[in-house]
Every structure is written in structure tokens, then in C-alpha cells.
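The values are calculated or read from the model by the stated rules, or taken from the named source; none is laboratory data. Just so it is clear, the structure is predicted and the values come from calculations on it, not from any experiment. Methodologically, a virtual Cβ is constructed for each residue, glycine included, from the backbone with ideal geometry; neighbour enumeration extends over all protein chains shown. These area figures cover heavy atoms from the full protein model, side chains too; ligands, DNA and RNA do not enter into them. Shrake-Rupley method; radii C 1.70, N 1.55, O 1.52, S 1.80 Å.
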Protein chains: 2
Amino acid sequence: MISVAEATRLIAATIRPLGVEYLSLSLAAGRVLREDLRADRDFPPFNRVAMDGIVVRFAALEAGQTEFLVERTQFAGQPPEPLQNPLAAVEIMTGAALPEGADTSIRYEDLTFRTDEATGRRHAQVQVLPPRAGHNIHARAADRHQGDLLLPAGTALGPTELAVAATIGAATVAVTRRPRVAVVSTGDELVPISATPLPHQIRRSNGLMLQAAADTAGAVTALFHFNDDVAALQQGLPTLLEEYDAVVLSGGVSKGKADFLPETLRGLGVEQRFHEVQQRPGKPFWFGQHPAGAVVFALPGNPVSSFVNFYRYVQPWLLAVQQPAAVPGPVPAVLAADVAFRPALTHFLLVRLEDAPDGRRLAHPERAGGSGDQASLLMSNAFLELPAEQEHFPAGTVLPAWRFR
Amino acid sequence: MISVAEATRLIAATIRPLGVEYLSLSLAAGRVLREDLRADRDFPPFNRVAMDGIVVRFAALEAGQTEFLVERTQFAGQPPEPLQNPLAAVEIMTGAALPEGADTSIRYEDLTFRTDEATGRRHAQVQVLPPRAGHNIHARAADRHQGDLLLPAGTALGPTELAVAATIGAATVAVTRRPRVAVVSTGDELVPISATPLPHQIRRSNGLMLQAAADTAGAVTALFHFNDDVAALQQGLPTLLEEYDAVVLSGGVSKGKADFLPETLRGLGVEQRFHEVQQRPGKPFWFGQHPAGAVVFALPGNPVSSFVNFYRYVQPWLLAVQQPAAVPGPVPAVLAADVAFRPALTHFLLVRLEDAPDGRRLAHPERAGGSGDQASLLMSNAFLELPAEQEHFPAGTVLPAWRFR
């Protein structure tokens with residue numbers, strides 16, 4: 001039996017980058033970028049007017065001029081033409097490029113307009129003077145220079161990253177392909193969801209849970225079920241070991257006579273890396289790797305054990321093989337009540353995290369219903385990792401929390 | 001110009017529940033449940049053995065018996081048969097139903113076995129006595145009783161909720177249909193992502209950003225673009241107002257001469273609810289509702305303005321119409337540096353939230369690049385909402401943070 005730290009290390013040792021695929025930007029949300037994306041020009045690419053109003057030469061204002069003939073009107077998207085008369089103004093809209101000769105913008109709110117009855121021409125009267133040259137002008141290259149690294153490889157592509165990629169014309173991007181995960185439930189006692197179970201049977205639920213969780217971590221998943229039948233496993237598993245990056249099994253790994261999965265997996269060439277971890281729940285966790293590359297997470301069949309092992313070990317692996325710059329880990333949370341746990345095991349304690357009004361993240365321990373009580377998971381949104389070498393955890397202790405909701 | 005609170009109220013007043021659809025459970029991840037799901041039987045449905053080992057009558061142990069004939073072996077999923085001899089044991093696996101006559105489980109770790117040479121029969125020898133009757137038995141109905149409400153309408157269906165629904169046989173569930181959102185960018189200065197812009201042009205990026213963000217909030221989205229052309233808008237918008245639950249526009253709502261969107265929308269029968277909110281960035285935000293039901297969020301075209309308005313107003317609306325029991329709001333965060341903001345406007349301050357080692361959520365203000373600086377969004381993961389009536393916010397102040405990453 002190995003420690004949680006050692007199990008984590010052995011799993012991390014199997015992390016290899018998945019391959020790259022090229023996707024249209026509109027399909028790349030949630031993926032991890034695998035190329036550096038640089039500014040293809042300065043940002044802003046031109047001296048950009050930031051307010052609707054007029055633009056003038058600041059020197060004219062400094063010389064005391066407050067009324068300006070409006071030469072013309074320029075909208076965003078129109079090519080800029082130079083200011084004809086250095087003492088005149090261009091009426092101009094947000095997002096437009098600053099005309100040559102003008103250097104300062106004055107917003108409508110600080111202007112009035114009058115139309116000269118004789119000439120029919122409009123004049124802007126400045127009511128509030130701009131404080132300096134360049135006011136309300138978002139200068140070319142103020143944000144980024146051409147060639148600046150905007151999105152390094154390893155960036156997770158969310159809405160803002162997609163927008164930045166669009167701005168620099170990255171219509172197609174290199175991203176990590178999604179990990180392929182086979183979720184496999186085992187057990188003779190399990191019947192399909194739509195079946196009516198006999199009194200000693202229960203419906204299959206772990207598979208769906210693990211599949212939904214793996215989907216959320218970015219995987220492409222498929223769901224399988226095997227009865228406790230060595231021959232069926234020997235026939236069915238090899239294809240999964242060849243076609244998937246990870247096989248996540250639930251059930252069949254504890255000490256029971258029907259728990260022949262470790263032996264069956266070893267017989268199929270899966271090299272065992274460990275079996276049993278010093279933790280509760282989820283101790284009988286088995287982990288191995290097939291020479292062809294697939295890793296096998298064989299989780300205990302108890303719903304809470306499966307679930308906790310998934311978020312503690314499987315999800316970080318699924319995220320890491322996608323090669324993000326950083327894999328999100330647990331977050332520090334403040335224990336809201338005293339907790340004692342005597343066995344020399346790492347204890348994963350179900351808690352309800354609360355965003356307290358003082359800015360702290362509080363962890364309220366949930367009444368534990370035993371590792372069979374799936375419904376107790378509904379009351380919690382995270383589990384704390386209580387180290388094995390400590391028995392008493394007073395309220396106020398800060399501990400790592402693995403969030404699952 | 002109205003306050004942020006009033007804008008929030010006017011938007012909330014348009015929230016109506018979207019219709020219900022019936023989905024296979026495996027397709028329902030991320031949806032909101034619209035029916036109550038109750039336990040179809042007790043959980044556990046039988047007295048469930050929680051350890052691999054043997055089961056016996058506790059009374060026999062109390063009477064001093066420590067060796068038990070193993071009558072037979074029972075696996076999970078096998079129908080239980082009563083204990084034949086009240087002084088014997090059944091070897092039994094985790095998940096199996098407790099045989100009638102037995103009441104206590106002893107795990108393998110606390111047993112040795114010997115085979116009687118004369119009879120060839122196996123006997124279990126108890127090395128560590130169980131503390132009480134019922135030990136390691138997860139009693140029928142210990143977790144939930146038949147008829148108990150497990151998942152009320154309004155539950156968001158994540159991995160654990162799907163597993164619970166599977167357990168009670170909810171193969172098909174009633175959920176809210178996804179909101180339909182048309183994302184519309186406007187502006188003559190905007191060219192397609194794959195085009196090479198002229199110096200005064202920029203590529204379309206807001207649409208993609210808003211689309212990805214709306215997708216994440218559970219919407220079904222489609223992306224449109226219109227130039228600053230009233231006739232094109234008058235022709236194209238009516239279909240969108242009929243076919244979508246929400247139309248999210250970016251650009252065309254500030255005071256500029258080309259910003260004819262509010263007038264065009266009113267002309268198409270969209271009732272204006274407000275225009276301009278006392279906030280920075282994002283002041284020119286326009287909101288209205290079409291008599292047929294669609295709401296129109298017309299956001300300013302500046303990327304940061306669009307983005308902040310989306311997360312402050314549009315996302316909560318998209319979540320609320322799906323009818324969850326609670327719509328997630330901002331979380332309290334501790335300002336990590338002094339901030340001053342003088343205008344009498346609510347200030348949405350871009351920050352980087354940090355999960356500090358002491359369990360607090362710290363908010364580090366990011367260098368603001370102006371509302372045109374899309375790339376500044378990359379450095380932050382949230383914005384704080386600084387109330388309009390206060391100018392100075394010393395470090396340590398706790399403020400609501402809207403997380404967007």
C-alpha cells in the first residue's frame with residue numbers, strides 16, 4: 001500500500017502530451033493551444049478615437065481657440081484623411097482612426113454645436129477643455145506591439161482568448177486533441193437504468209457519473225459495462241486498451257473473490273503501477289499502464305470512492321495530457337468545524353464550500369453517509385484532503401479542497 | 001441614465017421560464033431539472049454488505065464462538081438465501097445483500113481460514129471481533145427512504161446528480177430547453193477573421209467572444225454580422241427577434257452618428273427598457289424587449305465593455321431562464337491594493353483573483369489598458385463591482401467579484 005503522494009507521483013509519470021489537431025477558431029473553445037500566437041500588427045493598429053465627438057489639434061486649444069469648423073464626419077471603418085485645415089475639426093466616431101493633423105478627441109458631452117446661417121456649415125464649441133494632447137486617443141501600439149507574444153502555447157482557450165486570437169487573424173489554431181476515455185462499469189449486481197432491479201440488484205450509475213465528469217474535463221468518452229466474467233473482460237478489454245488513452249473502470253478491485261480485475265488486467269499486459277492507496281475512501285484503487293500507452297484507472301465500485309478518486313487522480317491526468325501551462329489543483333479552504341480522523345490514512349472529507357462574506361472560503365463537513373451513499377455527494381461540492389499523519393483538525397485549519405461542483 | 005441596481009431589476013423583470021424538453025439521462029448533463037425525482041425504493045434497497053469477508057450472527061460471537069463453518073459464498077448481484085445454520089457463516093462480497101439470519105460482517109483482514117482435512121470444508125477463524133451487531137452492514141434505508149425527494153426541480157444536473165437519477169431509474173428526465181441566442185456584431189470597421197484588415201480596420205472578435213461565453217452559460221448560439229447599414233438591419237433583425245430568446249448585439253449603441261441601433265430596434269417594435277447605465281466600462285448599454293418575447297441586449301462595441309456587460313447582465317439572465325434553484329452570483333473577494341475611482345459610476349475593475357494560502361480570495365487589480373484593450377482581459381479572471389457612491393477603496397475591502405474564467 002502506497003501513500004497518496006506516491007500514487008500521485010506514479011500517475012504523473014505516465015503523463016505524455018497528446019497529439020495536436022488544427023481547428024477552426026469557432027470550434028476551439030475549451031481546448032489548449034499548442035502554438036505561440038503573436039500580434040500580427042500593433043494594437044491598436046492605428047491611433048484609435050475612443051469617444052464619439054470631434055478631434056482637433058491640441059495646439060489650437062492651447063492658443064485659446066474654442067470654436068472649430070467641422071470639416072467632415074468620419075465613421076469607424078472609414079479610411080482616415082488628413083485634417084485639411086489645422087484650425088478645424090473632424091466629427092468622428094468611436095473606433096475610427098485619428099486623421100493626420102489632429103491629436104486630441106473631445107466627446108459630445110463636452111461640446112455644443114451651432115450652424116452658421118450664412119454658410120450653412122457646422123461649428124463645434126468646446127465647453128470643457130481636454131486636459132492634454134492625446135486625450136481620448138488610444139494610441140497605436142499602446143496595448144501591444146507587432147510580434148508581441150499574446151497567447152503562448154499552453155493557453156486554455158476561453159472567450160477572451162478566442163477573441164484575441166480572432167483579432168490577430170488566427171482563423172485556424174493548433175490545439176491538443178481531446179483525450180479518449182473508455183468508462184467501464186463492472187459488476188453482476190448492476191442492471192441498466194431503464195430496468196427494474198430485483199431486490200438485491202441496483203442500477204448502473206457510476207459509469208454515467210464518471211462519463212459526465214470526464215466530459216467536463218475535456219475528454220471524448222464512451223461507456224461500457226461488463227459483468228463479473230473474466231472471459232468477457234479478456235475479450236472486451238484489449239480493444240479498449242488499444243483505442244483509448246485512458247480506461248477508467250469502476251468496481252472489481254477490492255479483496256473480494258469476484259474482484260479479479262487486477263489479475264485480468266495484468267494478464268492482458270497492463271503493467272501494474274500500484275494497487276491500494278493509504279486513503280479513505282477509495283483505498284482499493286488500482287493503476288497500471290498498457291505497453292501501447294493506455295493508462296488504466298481501476299476505481300473501487302462504491303460511488304463515493306469512485307467519485308473521489310476520479311477528481312483526485314483521473315481529472316488532473318486528463319487535464320495534464322492536454323498540456324495546459326498549469327493544471328488547476330486544490331484550493332485552500334478554512335475548516336469550519338473540528339474534525340478528527342484516527343486511521344493512518346489520508347482522509348478525503350466531503351464538505352460544502354461556502355464563500356463567506358469576509359472573502360474566506362469556508363469548508364463545512366457534511367454528515368458522511370458512508371462511501372456507499374451517493375446521495376451524500378449531492379450535499380457537498382468538494383472534498384478536503386486531510387493528511388494521514390495528523391488526527392485532529394481544529395476549526396480554522398486551512399486544508400486543500402478539491403472542488404467538484 | 002439609470003443605476004446598475006435598476007438595470008439589474010429591469011432585466012430580471014423579463015425573466016420567464018423556458019419550455020421543458022425530455023432528454024435521455026446521458027444527454028442531460030449541464031441541464032436544469034424541471035421535475036421532482038424521488039427515491040423509487042429504499043437506499044440501500046437491501047441490507048448491504050460493506051466489506052469483503054464473512055457474515056455471521058452477532059449472538060454467536062457474543063456467546064464466545066470464534067470459528068465458523070463457511071456454508072457457501074455469495075457474490076454481489078446474487079439473490080440472498082437465508083443462513084442455513086445459525087452458527088455458520090456465509091463468505092460474501094461487498095455489495096451483496098445480507099442473508100437472512102446473519103447480521104454482522106467481518107472483513108478478510110480480521111479473519112484466517114482453515115480447511116478441515118476430514119470433511120474438506122472451510123472454516124473462518126475470527127481474529128478481530130466486530131464491535132457490535134450490524135458492523136459493516138449498510139442497513140436498508142439507512143441513506144434514503146422510498147419516496148424521499150432526492151433531486152428537486154431546479155437541480156442543475158452534474159455528474160453526481162446524473163448518478164443519483166440513474167440509481168432511481170430516471171432514464172428520461174424533464175429539463176429546461178437551452179436558451180437560443182443570436183450573437184450579432186455590427187460595425188463597418190470589422191472584417192472577417194481570415195481577412196487581412198486595412199490599417200483602419202480590425203477583425204471581428206467580439207462576436208466569437210460573446211458566442212463562446214453564451215455557449216458556456218448553456219445557450220444554443222448563432223453568430224451574425226451586420227455593417228452599419230440601417231436597411232440591412234431592418235431586413236435582418238426581425239427574423240432574429242422571432243426565432244431567438246435573446247439577441248445580443250455588440251456595437252452601435254453609443255452616441256455616435258453611426259450608432260443608430262436603438263432607433264432601428266425601436267422601429268422594429270422592440271420596447272426600450274433602458275439606455276445607458278451609470279457604470280464604467282459599458283455605459284452605453286441598451287436593453288429592450290420585443291412583444292414576441294425576445295430580449296435584446298445591445299452592448300457597447302468596446303471589447304472590455306461588451307465582455308463586462310455580458311458577465312454582469314447577460315449571463316445571469318441566460319442562467320435564470322433555465323430555472324435553476326439558485327443563479328450563481330458574484331463571490332466576496334478581498335481587495336489586495338488601494339483603489340480610487342472618482343466618477344459617480346459603478347466601476348467594474350478587472351482583477352486577478354488569487355486563492356491565498358490562508359483561505360481568502362484576494363483580488364489584485366490589473367493595470368487597466370482602457371476599455372479597448374482586449375488583451376488586458378487575458379491577465380484577469382474576474383471584475384470587482386465598486387459601488388458608485390464610494391471613491392476610495394482601501395486594501396482589505398471586501399467586494400463582490402464576478403468571475404469569468
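Tell me, rounded to the nearest percent, the portion of alpha carbon pairs in the stretch A:282-399 spaced more than 24 Å apart. For the stretch A:282-399, the fraction of Cα-Cα distances above 24 Å is 33 percent. A:T221 contributes about 30 Å² of solvent-accessible surface, heavy atoms of the protein only, 1.4 Å probe. In this structure, the amide hydrogen of B:V220, modeled 1.01 Å from its nitrogen in the peptide plane, lies closer than 5 angstrom to those of B:R180, B:V181, counting only residues at least 5 positions away or on a different chain. For the stretch B:137-180, place one equal point scatterer on every Cα, skip the solvent, and apply the Debye formula. What is log10 of I(q)/I(0) at q = 0.17, 0.23, 0.29, 0.33 Å⁻¹? Each listed q maps to, in turn, -0.58, -0.94, -1.23, -1.33. 3J(HN,Hα) along the stretch B:46-58, derived from phi through the Karplus expression 6.51 cos²θ - 1.76 cosθ + 1.60 where θ = phi - 60°, amounts to 8, 5, 9, 6, 9, 9, 6, x, 10, 10, 9, 8, 4 Hz, with x in place of Gly and Pro. Across identical copies of the chain, A:A13 has label-point separations of 6.6 nm, listed in ascending order, with the point defined 7 angstrom from Cα along Cα→Cβ.
Spin-label model, A:A13/A:L198: points 7 Å from Cα along the beta carbon direction are separated by 4.5 nm. Computed from the alpha carbon positions, the gyration tensor of the protein assembly as shown leads to an equivalent ellipsoid with semi-axes of 63, 25, 24 Å, biggest first. Heavy-atom accessible area buried between chains A and B is around 6700 Å² (1.4 Å probe, both sides summed). Legend: P(r) of the stretch A:331-403 from all alpha carbon pair distances, 5 Å bins from 0, whole percents, reading 4, 18, 28, 26, 17, 6, 1, 0.
Using only Cα coordinates, the Kirkwood hydrodynamic radius of the stretch A:1-116 works out to 18.8 Å. Entry note: chain B has Rg to Rh equal to 1.21, where both radii use alpha-carbon atoms and Rh is the Kirkwood radius.
Counting only protein heavy atoms and a 1.4 Å probe, tell me what percentage of the stretch B:11-112's accessible area is made up of carbon and sulfur. The computed percentage sits at 51.
Here the ratio of the Cα radius of gyration of the stretch A:48-138 to 2.2 N^0.38 Å is 0.96.
Using a probe of 1.4 Å on the protein chains alone, the accessible area found for A:V20 is around 70 Å². Placing a label point 7 Å from Cα along the Cα-to-Cβ axis, A:G236 is separated from the same position in the other copies by 5.1 nm, shortest listed first. Semi-axis lengths, largest first, of the ellipsoid equivalent to the stretch B:174-273 are 24, 19, 10 Å, with √(5λ) applied to each eigenvalue of the Cα gyration tensor. Interface burial in the stretch A:168-198, defined as at least 10 Å² less accessible area with all protein chains than with the chain alone at a 1.4 Å probe, covers A:G169, A:A171, A:D188, A:E189, A:I193, A:S194, A:P197. In chain B, helical runs assigned H by DSSP with n ≥ 4 each contribute -39500 (n - 2.57); averaged across all residues and rounded to the nearest 500, the mean residue ellipticity at 222 nm is -4500 deg cm²/dmol. Solvent-accessible area per residue in the stretch B:134-200 equals 35 Å², computed with a 1.4 angstrom probe and all protein chains kept. Per residue, the stretch B:331-403 exposes an accessible area of 40 Å² to a 1.4 Å probe, with every protein chain left in place. Residue and distance for the chain A Cβ closest to the axis that moves A onto B, in whole Å, come to A:R360, 2. Treating each Cα of the stretch B:128-229 as one equal point scatterer and applying the Debye formula with no solvent, the log10 of I(q)/I(0) at q = 0.16, 0.17, 0.25 Å⁻¹ comes out as -0.86, -0.90, -1.29.
What separates the B:T112 label point from its copies, with the point 7 Å along Cα to Cβ, is 10.6 nm, written shortest first.
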